[in-house]
1. Scan the range 60-76 residue by residue and report those that are under 19 Å from the mean Cα position of the chain (by Cα) and either farther than 15 Å from I49 by Cα or modelled with pLDDT under 95 (or both).
2. Considering the range 71-98 alone, what residues qualify as being under 27 Å from Q57 (Cα atoms) and either free of Cβ contacts under 8 Å to residues at least 40 places away in the same chain or among the polar types (S, T, N, Q) (or both)?
3. Kindly indicate whether any position in the range 92-106 is out of contact with any Leu (no Cβ under 7 Å at 6 or more places or on another chain), of a type in the set (F, W, Y) and surrounded by 13 or more Cβ atoms within 10 Å (Cβ to Cβ).
4. Are there any pairs with C-beta distances below 7 angstrom linking a residue in the range 48-60 that is over 12 Å from R34 (Cβ atoms) to a residue that is part of a loop (DSSP other than H, G, I, E, B), with the two at least 6 apart or on different chains, and if so which?
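The values are calculated or read from the model by the stated rules, or taken from the named source; none is laboratory data. Being a predicted model, the structure only gives us computed values, none of them experimental. Methodologically, a virtual Cβ is constructed for each residue, glycine included, from the backbone with ideal geometry; neighbour enumeration extends over all protein chains shown.
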Amino acid sequence: MKLKLDNLFLSFKRPKVIKETMKKIETVVRSALRDQVVSAIKKEGVGGITIWHTQGQGAADPPLVGQYFSRENIVTIVPDSKVDVILDAIAQVACTGEKGDGKVFVTNVEQALDICTKQKGESAI
């Protein structure tokens, strides 16, 4: 942007804003495939993973009152650049070809903070 002041041109440069983009990958898979999925994710260079046992029903399942399927929920936060590779790795090991293999959800992560070091963004993951 240039500003004219009495035949004097002043140039202003806006600081370049680099926004780190991160994604949360949440995977719901058969319990028997948990370790294979975790190994596939780790092979792609992901360090941190959170896992918990869950139960639920898919939208296409018949209404089973009080009956749920056991699954594992695997969550990791990754740089945007790794998402496609990780999704491919998960699909490669988690697909049995049968109904109920699971789902993967990818959402934006606006910020991350390491509580002790106070590091933010990708350096916190």
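1. Kept after step one, since they are under 19 Å from the mean Cα position of the chain (by Cα), are these residues of the range 60-76: 71-76.
If the condition is that a residue be under 19 Å from the mean Cα position of the chain (by Cα) and either farther than 15 Å from I49 by Cα or modelled with pLDDT under 95 (or both), then R71 is the only one that fits.
2. If the condition is that a residue be under 27 Å from Q57 (Cα atoms) and either free of Cβ contacts under 8 Å to residues at least 40 places away in the same chain or among the polar types (S, T, N, Q) (or both), then N73, T76, D84, D88, A91, Q92, C95, T96, G97, E98 are the ones that fit.
3. no
4. From the range 48-60, the pairs are G48/I125; Q55/Y68; G56/Y68; Q57/L64; Q57/Y68; G58/G100.
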